[in-house]
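**Q** Here it is, the structure, as structure tokens.
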Amino acid sequence: MKTKWDYSARAATYDKRADYSSEAIDELLDILDCKEEHVIADIGAGTGKLSIPLLKRGYNVICVEPNNNMRNIGIQNTKDFTVNWIEGTGENTNIDDGSVNYAFFGSSFNVLNQEKALKETKRILKNNGSFACMWNHRDLNDPNQKEIENIIKQYIPNYNYGKRREDPTDIIRKSNLFVNIRSIQKYFIVKMKTKDIISAWKSHETLNRQSGNNFEKIISDIHDFLNPKDYFEVPYMTKIWCADLP
């Protein structure tokens with residue numbers, strides 16, 4: 001399925017991205033009072049970065065992903081679980097009316113029409129259902145991350161992370177579809193192999209879209225900066241926003 005954001009060339013390295021904070025996911029599930037019999041739609045499921053921790057916790061998950069390459073990897077990653085993968089988008093999930101308890105967007109709410117996605121979310125949710133969106137943000141105050149930012153801005157002076165680093169509270173509130181908006185933030189550190197950090201950057205479509213013909217040069221410069229060491233401790237913040245149907 002063709003979408004404005006095409007992750008076909010990013011799929012092979014997407015799994016090298018850091019997982020979401022387990023503590024943050026647990027807090028979200030606790031806040032929403034999720035039960036094992038409840039059904040969760042993971043919209044923009046990608047390769048299963050959010051679906052897998054939900055499945056490991058015993059939840060029923062429907063994975064919605066428009067990109068064939070991402071979805072095929074996700075299907076392989078979740079082959080040991082009972083899970084349903086659907087080709088669809090956040091604006092058109094192909095999920096039946098009122099059939100899921102929760103709709104989660106893991107690093108996907110920034111790459112779609114948010115107003116349409118919220119309307120679609122309301123359509124597929126059962127009564128008393130809830131919405132959540134989340135992202136991992138690197139701590140840009142960390143010295144290593146500051147240097148990576150400097151490398152990027154040498155090529156893209158006005159580089160902008162866009163909606164993935166913006167607070168979605170206003171767009172959720174202005175939709176008039178959801179109430180009781182809450183947020184969760186959990187800081188954590190991931191020890192990552194240098195080669196995996198580079199692979200994770202290769203999956204970064206936000207960077208690719210703004211880099212012109214310099215994407216590979218930027219990745220190469222990040223590699224040259226990191227290369228002397230085998231491992232790095234990368235600081236992250238998982239940020240989650242959730243809201244309920246009235």
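The values are calculated or read from the model by the stated rules, or taken from the named source; none is laboratory data. Being a predicted model, the structure only gives us computed values, none of them experimental. FYI the Cβ positions are ideal-geometry reconstructions off the backbone, even for glycines, and counts take in every protein chain you see. Heads up: the accessible areas ignore ligands, DNA and RNA and are worked out on the full protein's heavy atoms, side chains in. Shrake-Rupley method; radii C 1.70, N 1.55, O 1.52, S 1.80 Å.
**Q** For the pair residue 33 and residue 115, how long in nm is the line joining their label points, each one 7 Å along Cα→Cβ?
**A** Distance between label points: 3.3 nm.
**Q** Something else: Hey, what number do you get for the chain at 222 nm if only DSSP H runs of n ≥ 4 count, each worth -39500 (n - 2.57), divided across all residues, to the nearest 500?
**A** Helix contribution divided over all residues of the chain: -10000 deg cm²/dmol.
**Q** What are the semi-axes of the equivalent ellipsoid for segment 34-86, taken as the square roots of 5 times the Cα gyration tensor eigenvalues, largest first, in whole Å?
**A** 18, 11, 8
**Q** Given 0.36 nm per residue, what is the gain on full extension from residue 169 to residue 193 after removing their alpha carbon distance, in nm?
**A** Contour length minus Cα-Cα distance gives 5.2 nm.
**Q** For helix 143-155, what angle does its Cα long axis make with the longest principal axis of the chain, in degrees from 0 to 90 and rounded to 10?
**A** 80 degrees
**Q** Please compute the contact order of segment 128-246 in relative form: average sequence separation of alpha-carbon pairs under 8 Å and at least six residues apart, divided by the residue count, as a percent.
**A** This gives 53 percent for segment 128-246.
**Q** While we're here: Rounded to the nearest percent, how much of the accessible area of the chain (1.4 Å probe, protein heavy atoms only) is carbon and sulfur?
**A** 42 percent
**Q** Considering every pair of different Cα atoms, what Kirkwood radius, in Å, is found for segment 25-170?
**A** About 16.3 Å for segment 25-170.
**Q** 7 Å from Cα along Cα→Cβ at both residue 86 and residue 180: what's the point-to-point distance in nm?
**A** The modelled label-to-label distance comes out at 2.4 nm.
**Q** Okay, moving on. Using all alpha carbons of segment 121-175, what is the percent of pairwise distances in each 5 Å bin, ordered from the shortest bin to the longest?
**A** 4, 13, 17, 19, 13, 10, 9, 7, 6, 2
**Q** Angle, helix 114-124 long axis vs. longest principal axis of the chain, Cα atoms, 0 to 90°, nearest 10?
**A** 40 degrees
**Q** Separate question: Which links in 195/239; 191/229; 49/116; 16/191; 79/191 stretch past 22 Å when you go from one Cα to the other?
**A** Check vs 22 Å cut-off fails for 195/239; 49/116; 79/191.
**Q** For segment 125-246, treating each Cα as an identical point scatterer without solvent, what Debye log10 I(q)/I(0) comes out at q = 0.10, 0.14, 0.16 1/Å?
**A** For segment 125-246 at q = 0.10, 0.14, 0.16 Å⁻¹, log10 I(q)/I(0) is -0.41, -0.72, -0.85.
**Q** Using Cα Rg over 2.2 N^0.38 Å as the read-out, say which of (i) 1.05; (ii) 1.48; (iii) 1.00 was calculated from these coordinates.
**A** It is the value labelled (iii).
**Q** Right, here's the next one. Where Lys and Arg each count +1 and Asp and Glu each count -1, what net charge lies around residue 170 among other residues with Cβ under 13 Å from its Cβ?
**A** 0
**Q** Comparing 136, 144, 67, which has the greatest mean-square fluctuation in the GNM of the chain with Cα pairs linked when under 10 Å apart?
**A** 144
**Q** Please work out the average accessible area per residue across segment 99-220, using the 1.4 Å probe convention, and give it in Å².
**A** 48 Å²
**Q** Going by alpha carbons, how many degrees (0 to 90, nearest 10) lie between the helix axis of 215-226 and the longest principal axis of the chain?
**A** In the chain, helix 215-226 runs at an angle near 70 degrees to the longest axis.
**Q** Over the chain, what relative contact order in percent results from Cα pairs under 8 Å that are six or more residues apart?
**A** 24 percent
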